[in-house]
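Below is one structure, written out as structure tokens; the observations come after it.
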Amino acid sequence: MVHAADRTSARRESRAKLAMMARYVAFLRGINLGAKRRVPMEELRRVLEEAGYDDVRTLAQSGNVVLSSGATAAALERDLATTLQDAFGLGIGVVVRSHAELADVVARDPIGSHADDPARYQVSFLSAEPEPARVRELERADVAPERVAVLGREVYAWHPNGVGRSELAKLITDRRLGVEVTARNWRTVTKLLELASQADE
């Protein structure tokens, strides 16, 4: 029989353990876009928990994971990619941001005053900062009424006519920027920040 005091102690130990770890958001690239790259979220959570990650949560089906880890962001990207390859047999690119970094992404919001539809306002998370010449080329592109701003490892893009018909979206790619790119709309970004801010319950 488990007593209330034991449950309270276990909860305190769990919270103390998490307090020593960093909270991260991992963006998985290119999953659940076709029949051969299916990754069920329930199975993904199980795999990551068994790999030793704590307080694992997912959002939607597009590869958004919130978890706690004592690793650095760079090490976490490598470790997650290896874990996913072993578990699902897929080469899945992973881009990671810490909770604090994601909070900064939302706080900066350089073109949010022009974006009145969060589904058409996207943030592309990059694996590294692109070369300055590539950034200049993107920012000088004639894509009005679309708007773009590059801040470090993020590209903010407003697609008023939708992403599917966007000329700007064609420029925010691995090939154009020379780094790995994965995009999420503003609604997803803010929901992930909210999820990352929640304490383990």
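Bear in mind that the values in this text are calculations on the coordinates, not laboratory data. Keep in mind that what you see is a predicted model, and the values were worked out from it rather than measured. All Cβ positions, glycine included, derive from the backbone under ideal geometry; neighbour counts span all protein chains shown.
Fully extending the segment from Arg176 to Ala128 would add 15.9 nm, taking 0.36 nm per residue of separation and subtracting the current Cα-Cα distance. Working from Cα pairs under 8 Å separated by at least six residues, relative contact order for the range 102-197 is 39 percent. For the pair His114 and Leu151, the difference between a 0.36 nm per residue extended length and the Cα-Cα distance amounts to 11.6 nm.
Given a Förster distance of 41 angstrom, what is the FRET efficiency for Ala141 paired with Thr82, based on the Cβ-Cβ distance and rounded to 0.05? After rounding to 0.05, the efficiency reads 0.65.
Given 0.36 nm per residue, what is the gain on full extension from Gln61 to Arg38 after removing their alpha carbon distance, in nm?
On the way: separation 23, 0.36 × 23 = 8.28 nm, distance 0.95 nm.
Length gained between Gln61 and Arg38: 7.3 nm.
Considering all different alpha carbon pairs of the range 33-90, the Kirkwood hydrodynamic radius works out to 11.9 Å.
Label separation (Asn161 vs Asp104): 3.5 nm, computed from points 7 Å beyond Cα along the C-beta direction. Taking Cα centre as origin and charging only the Cβ of basic (Lys, Arg, +1) and acidic (Asp, Glu, -1) residues, the dipole magnitude of the chain rounds to 300 debye. Starting from the Cα gyration tensor of the range 102-197, take the square roots of the eigenvalues, sort them a ≥ b ≥ c, and report rounded, prolate or oblate (rounded when a/c is under 1.5, otherwise prolate if a/b is larger than b/c, else oblate). Verdict is oblate for the range 102-197.
Each Lys and Arg Cβ is given +1 and each Asp and Glu Cβ -1; about its Cα centre, the range 15-85 then shows a dipole of about 180 debye. Shape descriptor for the chain: Rg over Rh equals 1.02 (Cα atoms; Rh from the Kirkwood inverse mean 1/r).
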